[in-house]
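The block underneath contains the structure these notes are about, expressed in C-alpha cells.
The values are calculated or read from the model by the stated rules, or taken from the named source; none is laboratory data. Everything quoted here is computed from the prediction, not taken from an experiment. With ideal geometry, Cβ positions are generated from the backbone for all residues, glycine too; neighbour counts draw on all protein chains shown.
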Amino acid sequence: MKQFIPLLISLLASCSNQSNENASESAEKPVIKPDSSYVWTKILDSADWKKNYNFQMFSNRDTLWTFHPDGNWFSTNGTNWTKSQLPNSIYNLAFLDYVQFNETILGLGHFEGNIEQFTFKPEIYKTSDFKNWVTISSLSNIPKRFFYHPFVFDNKIWIIGGEDKQTKYSDIWNSPDGINWTKQKENLPFGKRGGSQIVFLNGKLYLLENDVWSSTDGLNWQKVTDEIVKGEQIFGYSTQVFDNKIWLLGCNRNGQFSSQVLFSSDGKNWLTQNAPWLPRGGIASTVYKNKIYITGGKYGGTPNHPNFRYDNDVWTLEKKLFFSGLP
C-alpha cells in the first residue's frame with residue numbers, strides 16, 4: 001500500500017498544477033461583453049426627389065415610402081428608389097399631414113395657398129394599393145385647421161390642437177375612419193398649441209413640444225417636464241420611437257437649428273447625440289427594418305445664415321454592438 005502513496009501524491013500535485021494553469025489561462029483571456037452604440041450612416045448624397053422640407057416618410061408592408069410635395073417614391077433598401085404613380089393629394093404638406101391607418105395611408109384634407117390666403121377642402125383621401133387615391137369623403141367634418149400632427153391610438157385617428165387663421169386650439173378629436181370626427185375634450189391642461197408631436201411608448205402617449213405631457217387614454221394628461229432642455233426653447237423636430245426611446249431629430253434650439261439629436265426613455269430625462277449630418281429642421285423620418293431613416297430638411301433664416309439651404313440626402317441610425325476585452 002505504501003508504494004502507491006508517492007504515486008498518489010504525485011497525481012494530486014499534477015492535477016492541482018493543471019487546475020492552477022487552467023485558471024491562470026482562463027484569467028488571461030479577456031471577458032467579452034457587448035457595448036451598444038447608435039451609429040449614423042449616409043446612404044445617399046442626393047435622392048431622386050427635390051430638396052425640400054416638411055414632408056413625410058412611412059414604412060408600410062415592408063416598403064419604405066417618401067411622401068413628397070412633388071410625388072411619392074418607394075424603396076425596399078433605402079438606396080434605390082422608384083417614383084410611384086401615386087400623386088400628392090394633400091398638396092401643401094407644410095400645413096397638413098398624411099396618416100398611416102390599418103396598412104393604408106389617409107390624406108386628411110386638401111390645402112392650397114399659405115397662411116395669409118388659402119383654400120381648405122375637408123376631403124379625405126385613401127390609398128390601399130399605393131397607386132391611386134380614392135376620395136372617401138368630399139364633405140367630412142374634420143376640423144378646419146392646420147399645423148397639427150394626427151396620430152393613431154386605440155384603433156382611431158386623433159387630432160390634438162392645431163390652429164387656423166384666427167387662433168390655436170386646446171381640444172381633442174378622434175375618428176374611427178377619418179371621415180366622422182367627434183370632439184372628445186376641450187380646455188386641455190397644456191393649453192392652446194399647434195405643431196405638437198405625439199408618440200406612443202410603453203403604454204403611454206407622449207405629447208412633445210418644448211414641454212412634455214403624457215396620457216394613458218388620450219384624454220387625461222399629466223405634465224412630465226416643463227422643458228426638454230433646461231433654459232432652451234426646443235421646436236421644429238421630427239419624432240420617432242426607436243429602441244424603446246423617443247428620438248427628436250432636427251431640433252431648433254433657441255432659434256438655431258443644429259445636428260444634435262435628443263433621446264429619452266421616459267420623456268423627462270434627455271440625452272444628446274451629435275449627428276454627422278448638416279444642421280436642419282423639418283426632417284422627414286420613419287423607422288424601417290430596425291433603423292431610423294431621415295431625409296429632407298431646411299436650414300437658415302438667421303443673421304448668420306440668412307439664406308435657406310434645403311436637403312435631400314438620406315441617412316440611417318442603427319444600434320450596433322461592439323465587443324471589447326475587459327481587464
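Mind counting the residues in the stretch 89-147 that are among the acidic types (Asp, Glu) and assigned to a strand (DSSP E or B)? Can you show your working first?
Within the stretch 89-147, the first condition is being among the acidic types (Asp, Glu), and the residues that meet it are 97, 103, 112, 116, 123, 129.
Checking which are assigned to a strand (DSSP E or B) leaves us with 112, 123.
Residues that pass the stated criteria total 2.
Checking each residue in the stretch 247-264 for being in contact with an Asp or Glu (Cβ under 8 Å, 6 or more places away or on another chain) and not in a loop (DSSP other than H, G, I, E, B) picks out only Arg253.
Got a sec? Which of Thr302, Thr295, Thr239, Thr272 is within 19 Å of Phe151 (Cβ to Cβ), hydroxyl-bearing (Ser, Thr, Tyr) and not assigned by TED's automatic domain parsing to the domain that holds Val212? Break it down into steps so the answer makes sense when it comes.
Values: Thr302 fails: within 19 Å of Phe151 (Cβ to Cβ); Thr295 fails: within 19 Å of Phe151 (Cβ to Cβ); Thr272 fails: within 19 Å of Phe151 (Cβ to Cβ).
So the residue among Thr302, Thr295, Thr239, Thr272 that is within 19 Å of Phe151 (Cβ to Cβ), hydroxyl-bearing (Ser, Thr, Tyr) and not assigned by TED's automatic domain parsing to the domain that holds Val212 is Thr239.
Number of residues in the stretch 39-57 that are part of a strand (DSSP E or B) and not aromatic (Phe, Trp, Tyr) equals 8. Please tell me if Phe67 is surrounded by 19 or more Cβ atoms within 10 Å (Cβ to Cβ), touching a strand residue (DSSP E or B) at 6+ places or on another chain (Cβ under 8 Å) and either outside any loop (DSSP other than H, G, I, E, B) or not assigned by TED's automatic domain parsing to the domain that holds Asp177 (or both). So Phe67 fits the description; yes. Whenever a residue of the stretch 190-205 is on the phi > 0 side of the Ramachandran plot, its partners that are assigned to a strand (DSSP E or B), lying with C-beta atoms within less than 9 angstrom and at least six residues away or across chains, give the pairs Gly191/Lys168; Gly195/Glu163; Gly195/Phe235. Of all residues in the stretch 249-295, those being modelled with pLDDT under 95 and of a type in the set (Asp, Glu) number 0.
A quick yes/no check of all residues on (1) of a type outside the set (A, V, I, L, M); (2) outside any strand (DSSP E or B); (3) surrounded by 17 or more Cβ atoms within 10 Å (Cβ to Cβ); (4) at pLDDT below 95:
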{"position": "Leu7", "(1), (2), (3), (4)": "no, yes, no, yes"}
{"position": "Asn20", "(1), (2), (3), (4)": "yes, yes, no, yes"}
{"position": "Ser59", "(1), (2), (3), (4)": "yes, no, no, no"}
{"position": "Asn72", "(1), (2), (3), (4)": "yes, no, yes, no"}
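Set side by side, the residues Val261, Val241 differ, and just one is surrounded by fewer than 19 Cβ atoms within 10 Å (Cβ to Cβ), over 18 Å from Gly194 (Cα atoms) and β-branched (Val, Ile, Thr), which is Val241.
In the stretch 136-189, the residue that is surrounded by the fewest Cβ atoms within 10 Å (Cβ to Cβ) out of those that are more than 14 Å from Ile124 (Cα to Cα) and in contact (Cβ under 8 Å) with a residue 60 or more places away in the chain is Asp154.
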